[in-house]
Amino acid sequence: MKRRTLIKSGLVGLASLYTSRTFAHLQLPNALPVGAGETFLPTWDSLAQYQVPDWFRDAKFGIWAHWGPQCQPERGDWYGRGMYQEGSDQYNYHCEKYGHPSKFGFKDVINEWKAERWDPEYLVSLYKKAGARYFMALANHHDNFDLFDSKHHRWNSLNLGPKKDLMAGWAKAAKRQGLPLGVSVHSAHAWSWYETAQRSDKKGPLAGVPYDGNITAEQGNGTWWQGYNPQELYAQNHPLSKGSNNDREIHDQWNWGGGVYPPSKAYCENFYDRTIDLIEKYNPDLIYFDDTALPLWPVSDAGLRIAAHLYNKSIRKNGKLNAVICGKILDAQQRKCMVWDIERGQSNRIEPLPWQTDTCIGSWHYDRRIYDNNRYKSAKTVIHTLVDVISKNGNLMLNVPLRGDGSIDEKELSVVEDIGKWMAINSEAIYGTRPWKVFGEGPAMEAAAPLSGQGFNEGKGKPFGSADIRFVTKGKTLYATLLGWPTDQTALIKTLKAGPYGKVEKVSLMGHGKKLDFSQTADGLKVSLPEQPTGNIAFVLKLEGSFV
């Protein structure tokens, strides 16, 4: 194939890619017509006009229900892939609980999932009381099952499993609570993610018997799934990617390179149609894509078209752009086009553009072992993460995993309620704040772990202590949050030594209510704290004065 100029279609940088015979069967997409007067075109250059809306910058904290059929076995994240990995924990668990994956596949796990205790009104109300200023729900995961009334995909929660429009329930509850609605979309990767379902055991009594990844509609006669084509779910009517038998290889192919077998045009367009349908039906304010940059980039422009559609729709609906798109592993240009998301990690500096970290108090999909072994993140860990993230111009999106039946367990509930108690006293130092001149001080800064891939530096640095302080500002007020309580009841903020950043005129401790004695010298701002701490999580000093 001859090298072609792709600028007009928005596929900048793809010319060299399409010279490869690997992608020779794909048709280069043409730029789709955009309505007259539309602001955004499906190109990176056009999307770079994007400005993050104030509601998102002010909200700071969201809660995510990362909940779908993979929660039903209660055995952790990526179950729909791991159950087909012979000898893995999830494979062994699946064989014991359900049977061999040649006989009981993930499609059958979906059939087991009924979500009988799901109460979206209660849950979203709980999240709001905990301080969340936006809410996000899973629309589909890599398991390719749509959790909404999907016009372009029959494998959805209205037809199968719970037989409920789950996204409609979440959207109604979010609207009732006055929270912006986010949806997370992960299904672009089902193409390669499900390749484990094409395998068979290498040993044992069923060695060589194929798993159900290539099963067809014709084989469903007389079964519960009669009339449904499993290939629409598994998307495995294609050759395996290079290195597919290496379970880790998928991570190196997440950007649709490294030998991944290229997705068909029909697959890409179906993903586009499903996502546009989701946007049109439920009007989300935020879309989180679990992709490098945008879905299917750079083998398709589907993600670019979706982004332009959402932004233009938001302008038409609101008179201004209120929509947010989150993407991972973004280059400098792409960070102008959407919000950079860091998974299970934090930046180590004040970022010039707003960003978000997403993390979880347990596993992304519910794992009963975390409950049994008391391994949930504490409210203290969550709040420390939140305070650190917002000091660097970020937001925190926290997943609270639900059990397969849709309920929250009592240990998670305790964590969520403790977050709410802290926020009730200290949220003034969270909402509507902006980064200051410096984000903080203390030993943890010196031992910060670097980002790896899409993030994953969470918990790898030095634990926070009383000498670790984070700053944010709002108007003329500066907030300094102590991430521990000094044993001598004296806080020393070295950054605020007399001179460089202005003069402190008044100091108070949130939740204490009285002015505190202080002195500002060449050593820093020394504050005399009360004998008893206000809680046991983090302690906000409200500083008033004239700051540079």
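The values are calculated or read from the model by the stated rules, or taken from the named source; none is laboratory data. This one's a predicted model, so the numbers in the text were calculated from it and none came from an experiment. Ideal geometry is used to build each Cβ from the backbone, glycine not excepted, and the neighbour counts take in all protein chains shown.
Please work out which residue is surrounded by the most Cβ atoms within 10 Å (Cβ to Cβ), limiting yourself to segment 179-222 and to residues that are among the charged types (D, E, K, R) and within 34 Å of the chain's Cα centre (by Cα). Here the residue is E195. Only residues that are buried (at least 16 other Cβ atoms within 10 Å of the Cβ) and more than 41 Å from the chain's Cα centre (by Cα) were counted across segment 511-530, and they come to 2.
Figure legend. Inter-residue proximity from segment 120-139: first residues closer than 21 Å to D290 by Cβ, second residues in a helix (DSSP H, G or I), beta-carbon distance below 7 Å, spacing 6+ or different chains. Indicated pairs: Y134/A59; F135/V124; F135/Y127; F135/A174; A137/M167; A137/W170; A139/M167; A139/L278. Please tell me if H94 is more than 26 Å from T275 (Cβ to Cβ) and either out of contact with any Phe, Trp or Tyr (no Cβ under 9 Å at 6 or more places or on another chain) or at pLDDT 95 or above (or both). In short, yes. Applying the set (1) surrounded by 20 or more Cβ atoms within 10 Å (Cβ to Cβ); (2) modelled with pLDDT of 95 or more to T477 leaves exactly one unmet item: (1). Is it the case that some residue within segment 310-317 is in the same structural domain as N283 (by TED's automatic domain parsing) and closer than 15 Å to Y288 by Cα? Within segment 310-317, one or more residues are in the same structural domain as N283 (by TED's automatic domain parsing) and closer than 15 Å to Y288 by Cα. Within the option set L294, L240, L233, being touching a helix residue (DSSP H, G or I) at 6+ places or on another chain (Cβ under 7 Å), assigned to a loop (DSSP other than H, G, I, E, B) and farther than 30 Å from T39 by Cα holds for one residue only, L240. Considering segment 64-91, and only residues there that are over 30 Å from S125 (Cβ atoms) and among the charged types (D, E, K, R), the residue that is surrounded by the most Cβ atoms within 10 Å (Cβ to Cβ) turns out to be R81.
Of all residues in segment 357-396, those being touching a Gly at 6+ places or on another chain (Cβ under 6 Å) and more than 26 Å from K411 (Cα to Cα) number 1.
Which residues, counting only those in segment 297-349, are in contact (Cβ under 8 Å) with a residue 24 or more places away in the chain and of a type in the set (F, W, Y)? Of everything in segment 297-349, those that are in contact (Cβ under 8 Å) with a residue 24 or more places away in the chain and of a type in the set (F, W, Y) turn out to be W297, Y311. Scanning segment 132-147 turns up no residue that is closer than 30 Å to S102 by Cα, polar (S, T, N, Q) and surrounded by fewer than 24 Cβ atoms within 10 Å (Cβ to Cβ). Here H94 passes the criteria (1) in contact with a helix residue (DSSP H, G or I) (Cβ under 7 Å, 6 or more places away or on another chain); (2) surrounded by 22 or more Cβ atoms within 10 Å (Cβ to Cβ) except the one numbered (1). Taking D367, is it of a type in the set (D, E) and within 20 Å of the chain's Cα centre (by Cα)? Against the criterion (of a type in the set (D, E) and within 20 Å of the chain's Cα centre (by Cα)), D367 qualifies. Scanning segment 297-330 for residues that are of a type in the set (G, A, S), under 20 Å from R57 (Cβ atoms) and in a loop (DSSP other than H, G, I, E, B) gives G319, A323.
Among what's in segment 250-272 and is out of contact with any helix residue (DSSP H, G or I) (no Cβ under 9 Å at 6 or more places or on another chain) and either among the acidic types (D, E) or not in a loop (DSSP other than H, G, I, E, B) (or both), pick the residue that is surrounded by the fewest Cβ atoms within 10 Å (Cβ to Cβ).
A266
Taking G432, is it at pLDDT 95 or above and on the phi > 0 side of the Ramachandran plot? Full working, then the answer.
Details: at pLDDT 95 or above: yes; on the phi > 0 side of the Ramachandran plot: yes.
In short, yes.
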